[in-house]
Every structure is written in structure tokens, then in C-alpha cells.
Amino acid sequence: MIRLFLVDDHEVVRCGIAALIDAEPGMEVVGESDTVRGALVRIAVTRPDIVVLDVQLPDGNGIELCRHICSNHPETACLILTAYDDDAASVAAVVAGASGYVLKNIRGRHLIESILRVSEGENLVTRDLAHRVHSSLSAKAAQSQEQSTDSAHLELTLRETQVLRLITEGLTNRQIGARLDLREKTVKNYVSGLLAKLGMDRRTQVAVYGAMMTTETPPPSREAEH
Amino acid sequence: MTPSSDFRDLYASDAHTPSRAEMARSNHFLTADHGLLNLLQASQLVTGELDVDQVLFNLAEAARTLVDAHFGALGVVDDKGEMERFIHVGMPPELVEQMGHPPRGLGVLGAVLSGGAPIRLRNLADDPRSVGPPLGHPAIQAFLGVPITIRGSVYGALYVTNPSKKAFTAHDEALIKALAATAATAIDNARLYESSRRSQELSAALGDVAGKLLNVGSTEVFGVLAESLVSLTGAQLVSVVVSEAVGSELYVDTARGVRAARIEGSSVPWMDCVLSRAMDGEPGITTEGGEEPVPFADDIPSASMVAVPLVVDGDRVAALCATRSADESPFTQDDLALLSEFAAQAGLAVALAWARADKQRLEIVEDRARIAQDLHDHVIQRLFGTGLGLEALASPHPQLTDSIETHVTQIDAAIADIRTAIFTLQTRTGAEATRHRLLRILAELSGTLPTPAQVTFTGPIDLIIVGPLADDMAAVLRETLSNVVRHADARTVEVAITANSHTVELKVDDDGIGLSPDSSRRSGIENLSARARGHGGDFTVSARSSGGTRALWRVPVDAPELP
């Protein structure tokens, strides 16, 4: 029996997924939460096989939640379920260290199939994809640096660059700590700082990925209008 | 009734007959009185006028009649003491024309100005300072020149001359001196009036500009300034010129007035002229008959031009430039001062307008972000949840499966559309994501279709379609779509763009007339095939079973080089 835990702040979504999974033989929902805080507590208790979670949650960032689960419950896999497009979802999955992502599409049994594959230990985030995400994020950071006149807050430090590279290699916070000889707590801070620098922690932003690809910058310069 | 007849009446009413001596004395008195009378009339004529040009002309004419001279003239000098204007009276216009350039203020004319005292001569040519009359000037002998002094500085001089040796008297000199004193007051008043009228016009124009700037888009700001300047400066042409840097080409951003349509959008090379100096921060005015090139001279020949820098928020953003055609009076220092004052005030108004436009743009961005977020947070989630619920109904009610599938497909399509909408609503900066680039081409080209093209994206488009592949994809989409628009006569067009780690695919389906053997379209197809082959892929065009055409461009994706 595959034991699943659902994290999504929309009850209608949790109900729908629960109905879908319950109708599927060999799967069961062992718990649900609509917040990061609730998820942390209940996942520690229920020890599910797979957590299906949205990256945008009312009290925090699903990406950090996901990284926390991977570090502290290595036996639990995470599957990101998002309403954003493939690009945003890919970035989120790679940065979060999830085993894969599923878009919120109804047809096609994607969710069920992905759950089955992940439960067999498969990682749906390929090295190829992780590498593309890494290139894209690095290019983005470099570009922000070039464009911004007050680049100080956008510039990635050497440590952050190292952490970003290890994140995209699929390492958990604990593994990164061991690799860089840092405490896990310190790595967590670097990750939070990275997410903030890349604009990924802003609730006000339209999308996790959108926030990154479309940073809040002043309107186009006047020269452009002339 | 004139005072002189009053005097005569006075004498007549006296009971005794006047002696010869008395007659002579009264004649002299009458003559003197006649002069005074004329002076009074002249003063009235001069002081009653507020237009400087008219005042000057009246003065010259008054001087001539006052002393019964053949020719009269009035010269005005500029700040450097050079003759700026010279008004002839009593001279046929064609002669004035023939003499051309006004006298430079040399010789005796200049001596009146520099000496600051009247000069009265029986024969002009006898004076050692004389340089002789200008070419074409009728011969003159008797000469009287009186300087006009305003607030301690020489403004100009009144000149009267006669061709004969009939010399001017000390009495004439006293009259002209008196007239010159009145003239000074009159000119001063007229100038004060003129300057207050100008500042009134200026503040009215600036008020108008500030009001308009609050109501127009930020791109029309220069147009508002230029329009206002045309009427304020009495120019034939006003242009707003920008330049990327000091020394680089000057570009006419906005032009208003004569030939504006020709001049707007044109470029002028950076050359040593008033325009370039204004761009460099120095207001200026063209010198009359100067050697310097005058921009736009081809369109407004031998024109006079003033130009000042426009400073907004500490940045020199443009030069404001006014041009008068050759048949208008050239710009003066007063015009330059007016334009400078206008530019200083307008700079503040423009800064405000731009700040306001920036704020509006920011509000739009925020508004769109909010809409996108609402779509994501509420609309998609509900559709998704509802769709899942609907799907769950299918197993207990197998007879409904087909119908449920149809509905669920529709809901999924709606979710995909909303996802694209969210993407479009996001503000983009920096390098354009491939998805945005493709959406922009779609929006641009589907304007001519009966219904906008439907588009679906599948897979991580931006992560996989990068670099040269993205360029080719954009070119292929553009070419395929414009083929459909031009030749297919289609009602609906569906575009599907798919990317996964192995393949990238662009599919364009239309319901048009199908593929014709039209050669121009064939060459387009060959071009698209070549682009596909370049990536090791292929391009096919086939007839759809439901009618219309399917164009499919498909290339394999190389795995990125792993570190």
C-alpha cells in the first residue's frame, strides 16, 4: 500500500485528489494539511511514503518544506503538484529536491502514474533537466547582476553559488552540509537566502518561477520611449 | 483751434496796434512756440504707443518733422555697442533696400553713440570722423545726431540730415534733445510693457503645458512642449532634439510647425552649431549672417534659430529649438531668455508628468500581477478540484464516462488557457523568455485572422528551447503563421508547441483551403525544412483529414553538456 500525504491550501483540490487516490487500488491518503506548519507536525507522525505538495502555501514556502522533508525523512519522497507551467514546475522541483512534479491537469492519469513511478524509487527529475535549471538560474543571477545598478543584493556569494550547484545536483540540506563542511542549519539559511535573492519566497509574486524570471524592477527606462 | 491762433486772437483783442519790433518778437515767439507745440505732439505720439517697433518708427518720423529735415533715422545698439537696428524715414524704400546692410555705427554715427553727446554739423563730409555715406545713400550735408540714453546707458541715437547746407540750429538741437529724453522714457516703458507681456504669456503657456502634461501619455510630452513653443516664440518651426551622447548624432524626436512632418524623425550630424551647443548645456542663438551651419536650412532657408537644453530631474534629456524663417525678424536675446525660462519651468512639469506615468505603469504592473495571482490561486484551483471530482464520478457511473470525459477535456483546456494568460500578464524584464517571444509573434500575426490563433504549450519550453534553437523556433513560427495568414484563407488556427528532453515540436493546424502548388509557398517550405535539417530534424506539411493543413516542424534536442 502506497501511503500518501497531501499538502495544498485549497480544500477542493485536496478533496479531488483524495477521491482520485481512494478510487485507486494500492494507494491511500494518510493525512492532509493546508499549511507548512501543519504538514511538518503531521508528516513526522504519519511517516508517509510520498508527500504530494503545492509550492505555494499560505504560511510559507513549499520549496523549503520540501527540502526539510527530504533532509529529515529521507525515506519519504516528494512530488510537487502545481498550477504553474512546466518551466516553473521544473525549477521548483529541482530547487526543492523533489522526485518530480505534476501539473494540475485533470486528464491523463499523470498524478497516479507519477506516484507509482516515484514509489518504485524512480526520480522523475532527470539530470538533464536539473542541469538546464542550473544553467538557467545561473544565467538569471548573472543577468540581474549586470542589469541592476545596486547589484549588491542580487549578487550570489561564492557559498551561495556552491549551494545552488549542489541543490541542482539533487542534494538535501544535510548532504550539502556534509559536502561543504557546514552545519545543516547554516545550509538552510543559505537556501533561504538564495530563494529570497531569486525572489522565490515572495507570496505577492505571481509564481515561484515567475518571480524569478520576472523580477520586480522599475518600469522600462525613458530612453526606450524616445 | 490751435494755440497759435489763440495767441493771435490775444494780440488782436489788445486795443493797440503792435509795433514792428513787437511783431518781430512775437514772430520769433510764435516760431519757437510752433516748435514746442510740435514737440508736445511728437511726445504724445511717442508715449501713447506701447509697441516698441511702432515707438521707434514714430520717433524717427517725429524727429524729422520736428526740425523739418529731409531724412531721419533711428539707430539702436545692442549690449556690445554694435548697431542692432537702423530705421530710415523720409527715404524711398527701394533706396533703403539698395543700401542693404544697416550702417555699422562707424564714423560720425558711431561718434554720437560713443561720445554720448549731440553732434551738429554744417557739412558732414568736412568732419574728420566722417567715413562718407553708405553706398547708394543720397548726398547729405547738414547733420544732427542726438544719443538716446536709458537709465544711464546708451540705447541708440536719433539722426536727422539734409541734402542742402541748410544747417540745423541750436534750437533744433534742443528740440531733438528734448524728444530724445521723452523717447527714452517711451522706449523704456514699451520695453517694460513688452517684458511683462512676455512673462504673462510665458506663465500662461506654462500653465497650459502643465495642465496638458497631466492628461497625456508620457510619449506625447515633447509634442505638448513643441506646440506651446510655436505660439509662444512666434516661430515657424519648433523641434525637440535628442542625442544619445554629446558628440553623437542628433535626432529630431518631435517637430511642430512648418515642414514638421518632414523634419520629425530626421537626424542631423553633430556639428558646431547652436543645436549641438544646447545639447551640450549652453543656450544659444544664431548670429545674423554668421558662417555657422544652421540645422534644417534646407527646409527653412537662411533662418534664425534659438536652442536651449531641456533638463529633467538633473538630466539633460533634449534640446528645445525654435526656428524662424528668413522673412521674419530674427530672434533676439529676449527670445532666448524667454525660451530658457520656459525650458527651466517645463523641465519641472515634464519631471512630474514622467513620475506620474511611471507610477501609472507600476500600478498597471501590480494590477496585472494581482489578476494573474487571482487566476492562479482561485480560478485554476477550483477548476482543477471540480474536474477531479467530476472524474471521480465516472467509475460509479460508467454510462456517464464519455460525457464526463468531454467535460473534463474542456476544463483542462480552460486551465491551459488560463496558464498562458497568467504567463502573458506577468511583467518581463531582461532577456525575453522563449515562451514570451513566441506569444508575441502569435499576437502580432494573428491580428489578421478571423479569430486569434489558439496556442498550447507543453513541457518546459523556456528551459529546453534556448539559444539558436529558440531563434529558429521563432523564425519558423513566424514563417508558418504568415504563410497561413497569406495563403490558407483559414478561419481557425491552432498552434501547439511541445518540448521535452528529447524533442521539440511546433505544430500549426489550420482549417483553410489546403496546400496549393503555389511556388512562393513552396520556397517558404524549403526554407523551413532547411532550418529543421540544421538541427537534424524535419519539416512536413500535410493535409488534415478534417480539411485544412497541418505544418509540423520537429527537431531532436541535444542533452546539455553536463559539468
What longest region of chain B stays clear of GluC sites (Glu not before Pro) that DSSP places outside H, G, I, E and B and that have at most 12 other Cβ atoms within 10 Å? B:292-560
Rounded to the nearest 5, the percent of DSSP beta bridges in chain B running antiparallel is 95 percent
Can you give the average number of partner chain beta-carbon atoms within 10 Å of each beta-carbon in peptide A:128-137, as a whole number? 5
Given charges of +1 on the Cβ of Lys and Arg and -1 on the Cβ of Asp and Glu, with all other atoms neutral, how large is the dipole of segment B:434-556 about its Cα centre, in debye to the nearest 20? 40 debye
Segment B:41-92: trypsin sites (Lys or Arg not before Pro) falling in loop per DSSP and having at most 15 other Cβ within 10 Å: B:K80
Cα extents of segment A:2-132 along the three principal axes, largest first, in whole Å? 35, 31, 26
Could you work out the relative contact order of segment A:2-132, using alpha carbon pairs under 8 angstrom and six or more residues apart, expressed as a whole percent? 20 percent
Where a ≥ b ≥ c are the square roots of the eigenvalues of the C-alpha gyration tensor, would you call the protein assembly as shown rounded, which needs a/c under 1.5, or, failing that, prolate if a/b is larger than b/c, or oblate? prolate
Could you give the size of the charge dipole of segment B:115-226 about its Cα centre, using +1 on the Cβ of each K and R and -1 on the Cβ of each D and E, expressed in debye and rounded to the nearest 20? 360 debye
Mind pulling the angle between the C-alpha long axis of helix B:519-534 and the longest principal axis of chain B? Nearest 10 degrees, somewhere in 0 to 90. 70 degrees
Please work out whether segment B:264-311 counts as rounded, prolate or oblate from its C-alpha gyration tensor, where a ≥ b ≥ c are the square roots of the eigenvalues and a/c under 1.5 means rounded, while otherwise a/b larger than b/c means prolate and anything else oblate? oblate
Per-residue average of other protein chain Cβ atoms inside 10 Å, peptide A:80-91 -> 6
For segment B:58-161, give the percent of accessible area contributed by carbon and sulfur heavy atoms, probe 1.4 Å, rounded to a whole number. 50 percent
Which value at 222 nm does chain B reach when only helices count, each DSSP H run of 4 or more adding -39,500 (n - 2.57), with the total divided by all residues and rounded to the nearest 500 deg cm²/dmol? -16000 deg cm²/dmol
For B:K165, go through the lysines and keep the ones whose alpha-carbon is under 27 Å away, minus same-chain ones fewer than eight residues off. B:K177
Under 28 Å from the Cα of B:K212, which lysines turn up, not counting those fewer than eight places away in the same chain? B:K359
For chain B, the longest principal axis of the Cα atoms and the Cα long axis of helix B:170-213 enclose an angle in degrees, to the nearest 10, of 10 degrees
Determine the sum of side-chain charges near B:L135: Lys and Arg each +1, Asp and Glu each -1, restricted to other residues whose C-beta is under 15 angstrom from that of B:L135. -1
Which lysines have a Cα less than 20 Å from the Cα of A:K197, not counting those fewer than 8 places away in the same chain? A:K140, A:K185, A:K188
Å² per residue, accessible surface of segment B:179-218 at 1.4 Å: 49 Å²
Sort B:L425, B:L400, A:L166 from largest to smallest accessible area, using a 1.4 Å probe on the heavy atoms of the protein chains. B:L400, B:L425, A:L166
If I fit a long axis through the Cα atoms of helix B:467-483 and take the longest principal axis of the Cα atoms of chain B, what angle between them do I get, 0 to 90°, rounded to 10? 90 degrees
Sorted list, accessible surface of protein heavy atoms, 1.4 Å probe, largest first, for B:R533, B:R277 is B:R533, B:R277
With the dipole of segment B:198-353 defined by +1 on each Lys or Arg Cβ and -1 on each Asp or Glu Cβ, the option from B:A245, B:Q200, B:F331 whose Cα lies farthest towards the positive pole is B:Q200
Which value, in Å² and to the nearest 10, is the accessible area of B:S302 when all protein chains are kept and the probe is 1.4 Å? 100 Å²
Segment A:83-128: relative contact order from alpha carbon pairs under 8 Å, six or more residues apart, as a whole percent, is 40 percent
With the 8 Å Cα cutoff and a minimum separation of six or more residues, chain B has a relative contact order in percent of 7 percent
About its Cα centre, what dipole magnitude does segment A:2-132 give when the only charges are +1 on Lys and Arg Cβ and -1 on Asp and Glu Cβ, stated in debye to the nearest 20? 200 debye
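For the protein assembly as shown, what is the percent of antiparallel DSSP beta bridges, rounded to the nearest 5?
Antiparallel bridges: around 75 percent, rounded to the nearest 5.
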Calculate the mean, over all residues of peptide B:408-420, of how many other protein chain Cβ atoms lie within 10 angstrom of the residue's Cβ. 3
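The values are calculated or read from the model by the stated rules, or taken from the named source; none is laboratory data. Note that the structure is a prediction, hence the values are computed from the model and not measured. Neighbour counts are summed over all protein chains in view; Cβ atoms, including those assigned to glycine, are modelled from backbone coordinates with ideal geometry. For the accessible areas, the whole protein counts, side chains as well, though only heavy atoms, and no ligand, DNA or RNA atoms are used. Shrake-Rupley method; radii C 1.70, N 1.55, O 1.52, S 1.80 Å.
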